[in-house]
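In what follows, a single structure is set out as structure tokens and then discussed.
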Amino acid sequence: MLLVVSPGYASEVKSRVEAMGIEAWHVRVWGMDIVVTPPGDGPKGDLPGVAAAYDVRSQYQLVSREFRRGDTSVRIGDVEVGGGNIAVVAGPCSVESEEQILETARRVRAAGAHALRGGAFKPRTSPYGFQGLGEEGLKLLARAREETGLPIVTEVMDTADVPLVVKYADAVQVGARNAQNFPLLKRLGSAGRPVVLKRGFGNTVEEWLLAAEYVVLHGNGDVILVERGIRTFDRTLRFTLDVGAIAYAKAATHLPVMGDPSHPAGDRRYVVPLALASLAAGADGLLVEVHPDPDRALSDAKQQLTFEQFVELMGQVSELARALRRKLAERHG
Ligand code: PEP
Ligand code: MN
């Protein structure tokens, strides 16, 4: 149950609930003080200081639309994600060199991207694969932001690296392989940066939304959900983009939802259709891989778009936005 409390009452309400033998958390998100109790369990009668109580039916409570009817939007730097906008985060799978990331930042910005992505800490299936440049990669991202004004999104894999990554990043990505790393999700509750949360490729939609609930329950309401494809019986494409999950997440939660067409495609020929499908299903934006020379990329070489393909994608996104009566997010920098 969620108890929205009037200013100054949070600790009193929490203590009263705990005195009834019910576990309780106090969280301050979206400008509200909320005392949270486990789903289906909460105080019976009225309590002083409780302005509103929500007995949410799903296991995820804070992120549910039953609790908040309107859309929550999240700012990455000065870009608003959600709230009817379409935002595009673009860049290489991995940061590889200064030249590579600066050129990509300039070119995706010129084509209309809103933020720059690039991994410095890479979760690679093989221990022999390129593991990322680490802090050097973060510094290169910061240089690209300085030059282009694009805010940066980059992955954090390890709880111990959170302070380092937030020093450079405007938003931190949790990758599919860490989608249920609960210590990491809890730690990001107090990271002070928006969290771009991928769905694990073996996770149900409910598991994905509960991962978001972890971050919010631990104090951070700025979560963007990302559908990036799941593993199904069909391995024709790298993963199966679950467009239905995008529509469902938009209906069941108030958080912004993005589509990542690159990882399910696994091949640059299929990225544009999956990107358009994500937006048509209701996604608030895209997270897409772009590289100056994709065939020579150190990770995910087959699926990264060339600059020319990214320009083409942005043209199609603009046309689709018009048809959907939506607009591209504004860029300030
Ligand atoms: C990535 O964004 O490059 C990445 C590793 O994605 P995922 O965690 O979705 O596989
Ligand atoms: Mn990748």
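The values are calculated or read from the model by the stated rules, or taken from the named source; none is laboratory data. Just so it is clear, the model here is predicted, and its values are computed rather than measured. Every residue, glycine as well, gets a Cβ built from its backbone with ideal geometry; the counts of neighbours run over all protein chains shown. Heads up: the accessible areas ignore ligands, DNA and RNA and are worked out on the full protein's heavy atoms, side chains in. Shrake-Rupley method; radii C 1.70, N 1.55, O 1.52, S 1.80 Å.
If you check R325, R296, which single one turns out to be farther than 18 Å from A111 by Cβ, loosely packed, with under 13 Cβ neighbours inside 10 Å and within 16 Å of ligand 2 (Cβ to nearest atom)? Let's see the steps before the verdict.
Working: R325 fails: within 16 Å of ligand 2 (Cβ to nearest atom).
So the residue among R325, R296 that is farther than 18 Å from A111 by Cβ, loosely packed, with under 13 Cβ neighbours inside 10 Å and within 16 Å of ligand 2 (Cβ to nearest atom) is R296.
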Checked the range 200-221 for anything open to solvent by 10 Å² or more (accessible area, probe 1.4 Å), touching a helix residue (DSSP H, G or I) at 6+ places or on another chain (Cβ under 8 Å) and within 16 Å of ligand 1 (Cβ to nearest atom); matches are F201, N203, V205
Within the range 280-293, track down each residue that is surrounded by fewer than 24 Cβ atoms within 10 Å (Cβ to Cβ) and closer than 17 Å to V226 by Cβ. A280, A281, G282
Could you list, in sequence order, all residues of the range 253-273 that are within 14 Å of ligand 2 (Cβ to nearest atom), without any contact (Cβ under 8 Å) to a residue 60 or more places away in the chain and open to solvent by 10 Å² or more (accessible area, probe 1.4 Å)? G266, D267, R268
Where a residue in the range 64-80 is farther than 17 Å from T253 by Cβ and not assigned by TED's automatic domain parsing to the domain that holds V195 and its partner, wherever it lies, is open to solvent by less than 10 Å² (accessible area, probe 1.4 Å) and aromatic (F, W, Y), with Cβ under 8 Å and at least six apart: none
Suppose we filter A120, A160, A110 for residues that are closer than 22 Å to L286 by Cα and surrounded by fewer than 16 Cβ atoms within 10 Å (Cβ to Cβ); which single one remains? A110
Going through the range 123-148 one residue at a time, which ones are open to solvent by 70 Å² or more (accessible area, probe 1.4 Å) and in contact with a helix residue (DSSP H, G or I) (Cβ under 9 Å, 6 or more places away or on another chain)? T125, K139, R143, E147
Breaking point among (1) in a loop (DSSP other than H, G, I, E, B); (2) away from ligand 1 (no atom under 12 Å from the Cβ); (3) in contact with a helix residue (DSSP H, G or I) (Cβ under 6 Å, 6 or more places away or on another chain), for L320: (1)
Filtered residue count, the range 71-108, keeping only those that are among the charged types (D, E, K, R) and in contact with a strand residue (DSSP E or B) (Cβ under 8 Å, 6 or more places away or on another chain): 3
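Could you tell me which of the residues A176, A249, A169, A191 is touching a helix residue (DSSP H, G or I) at 6+ places or on another chain (Cβ under 9 Å), of a type outside the set (K, R), more than 16 Å from ligand 2 (Cβ to nearest atom) and closer than 20 Å to A283 by Cβ?
Going through A176, A249, A169, A191 in turn, the sole match is A249.
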Answer yes if at least one residue in the range 36-52 is buried (at least 19 other Cβ atoms within 10 Å of the Cβ), under 25 Å from the mean Cα position of the chain (by Cα) and outside the structural domain of G189 (by TED's automatic domain parsing), and no otherwise. yes
Suppose we keep only residues that are at negative phi and within 11 Å of ligand 2 (Cβ to nearest atom) within the range 299-314. Which one would you say is most open to solvent (accessible area, probe 1.4 Å)? K302
Residue check, L287 in the same structural domain as A105 (by TED's automatic domain parsing) and within 16 Å of ligand 1 (Cβ to nearest atom): yes
